[in-house]
1. What residue, of Ala138, Ala87, is part of a strand (DSSP E or B), modelled with pLDDT under 85 and under 22 Å from the mean Cα position of the chain (by Cα)?
2. If we keep just the residues of the range 15-40 that are among the hydrophobic types (A, V, I, L, M, F, W, C) and at pLDDT below 85, which is farthest from Val107 (Cα to Cα)?
3. Under 7 Å between Cβ atoms, which residue pairs at least 6 apart in sequence (or on different chains) link something in the range 80-104 that is farther than 13 Å from Pro70 by Cα with a partner that is among the small types (Gly, Ala, Ser) and outside any helix (DSSP H, G or I)?
4. Can you tell me which residues in the range 107-126 are among the small types (Gly, Ala, Ser) and either in a loop (DSSP other than H, G, I, E, B) or surrounded by fewer than 13 Cβ atoms within 10 Å (Cβ to Cβ) (or both)?
5. Tell me which residues, restricted to the range 94-106, are surrounded by fewer than 18 Cβ atoms within 10 Å (Cβ to Cβ) and within 22 Å of the chain's Cα centre (by Cα).
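The values are calculated or read from the model by the stated rules, or taken from the named source; none is laboratory data. What you see is a predicted model, and the numbers here were worked out from it, not measured in a lab. Cβ atoms come from the backbone with ideal geometry, glycine included; neighbour counts cover every protein chain shown.
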Amino acid sequence: MAAHLSRGNGRSKRHGRRAKPMSDINVTPMVDVMLVLLIIFMVTAPLLTVGVQVDLPKTSASIIKGQDEPLAITVNAEGEVYLQETAIELAGLLPRLNAITGNNPDVRIFVRGDAKVNYGRVMEVMGTINAAGYRKVALVTQPLKKRSKPKTSKRR
């Protein structure tokens, strides 16, 4: 019976003190959450680069290189104009461009036109941008797939 009384309720009875609460931060759950968020952002980031889906024409033009991120103006197959991912009327394009760029004519602007859209509609958009004084305007296309040369057999 004496052994039963000495156990008590399982708490330490040294000097009548309770156990101190642990003051260390457990970082394992935080690291787990951060790794999950990192994976989610790595998967979704490439999907966020271009919001308007267009079928770009294919050309053999070289890739334009630059340090800054260009503005993208897209004309979809129905002829609708988008500034980045926002639909906009052609008349409202210049005020929005001026507000975004701060009237800087050296900002790079990429015009993406669907392969099925009327050529005149893309030129109308480019003409509007050019008339506003923007000098670095480029058309975006997809690269052509390189064709392999047919093998010729030599006869003797």
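1. Just a single option satisfies the conditions, and that option is Ala138.
2. Initial filter on the range 15-40 (among the hydrophobic types (A, V, I, L, M, F, W, C)): 19, 22, 25, 27, 30-31, 33-40.
With at pLDDT below 85 added as a condition, the list becomes 19, 22, 25.
Working: Ala19: 65, Met22: 56, Ile25: 48 Å.
Of everything passing the filter in the range 15-40, Ala19 is farthest from Val107 (Cα to Cα).
3. From the range 80-104, the pairs are Glu80/Ala87; Glu85/Gly51; Leu94/Ala132.
4. Step one: filter the range 107-126 for residues among the small types (Gly, Ala, Ser), giving 113, 115, 120.
Result: Ala115, Gly120.
5. Applying the first criterion (surrounded by fewer than 18 Cβ atoms within 10 Å (Cβ to Cβ)) to the range 94-106 yields 94-96, 98-106.
If the condition is that a residue be surrounded by fewer than 18 Cβ atoms within 10 Å (Cβ to Cβ) and within 22 Å of the chain's Cα centre (by Cα), then Arg96, Ala99, Ile100, Thr101 are the ones that fit.
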